[in-house]
Amino acid sequence: MSKSLRILITGFGPFPGAPYNPTQGLVARLIHLRRPALADVILKGHIFRVSYGAVQRDLPVLLADHAPDAVLMFGLAQRTPYLRVETRARNVVTGLWPDVDQTTPAGRMIARNTASSARFGPHTGLLLQAARAAGVWTELSQDAGRYLCNYLSWKVLTAADENSGRPPAAFVHVPLVPRPTITHRPLPPHGIGFEDLVDAGEALLMTMVKLARQRSLVMAPG
């Protein structure tokens, strides 16, 4: 009997300047998807508090307890009118914007004496195609910022580097959309609503499941 695949899907809570973060609802919708292709897949969702301390505390526990075969992360980019599939995380952090705990990093690097960036891998191109096929405006990005989204991406990629096999990981920035409970509110100028995020998120999730399944076949004992 084959082992179930485990996919970790994460989002963020609200933060200064963003009292509503659509990634919370997006993660909730994705982990409750019921599809034939997900019959042997365990979906674990987690919403990070927008805090450096929370990421430091929660991420190692999530990776250790769930040993995910793939990690799909979402974050909010309020000023971007489309989905951004990040291609790398940079070893940089800013002291300009405190987190929700009013904490700012002491330095300008996440980790000293190491690489300046870490890449997600060539599967970002597949994710781009999947989201676009779902009918949602999506682009690749080489700049995940200098805040918690980039910080989490760096932590996931470097944690994966320390483990054998490096399961596929992805970080996707989503635009600000109206709350799904506000049905009468018109769509923003970019024309993307919450249900569009769900459609794109499902396409991204299915791609990550496919990648995880292929990896598990390669790594299965022969």
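Can you find a residue that is aromatic (F, W, Y) and under 22 Å from M208 (Cα atoms) anywhere in the stretch 47-63?
For the stretch 47-63, residues aromatic (F, W, Y) and under 22 Å from M208 (Cα atoms): present.
Among the numbered criteria (1) at pLDDT below 95; (2) in a helix (DSSP H, G or I), which single criterion is violated by G121?
The one condition G121 does not meet is (2).
Answer yes or no as to whether V41 is touching a residue at least 24 places away in the same chain (Cβ under 8 Å) and under 19 Å from V174 (Cβ atoms). Outline the logic, then answer.
Values: touching a residue at least 24 places away in the same chain (Cβ under 8 Å): yes; under 19 Å from V174 (Cβ atoms): no.
So V41 fails the test.
List pairs: first in the stretch 16-28 and without any contact (Cβ under 8 Å) to a residue 40 or more places away in the chain and of a type outside the set (D, E), second surrounded by 13 or more Cβ atoms within 10 Å (Cβ to Cβ) and not in a helix (DSSP H, G or I), Cβ under 9 Å, 6+ apart or cross-chain?
Q24/G11; Q24/F12; Q24/G13; Q24/P14; Q24/I47; A28/G11; A28/G45; A28/I47
Looking at the structure I just gave you, is R132 free of Cβ contacts under 8 Å to residues at least 40 places away in the same chain, more than 28 Å from A18 (Cα to Cα) and either of a type in the set (K, R) or not in a loop (DSSP other than H, G, I, E, B) (or both)?
Taking the combined requirement at face value, the residue does not satisfy it.
The values are calculated or read from the model by the stated rules, or taken from the named source; none is laboratory data. Source: prediction; values computed, not measured. Glycine also receives a Cβ, built like all others from the backbone with ideal geometry; neighbour counts cover every protein chain displayed.
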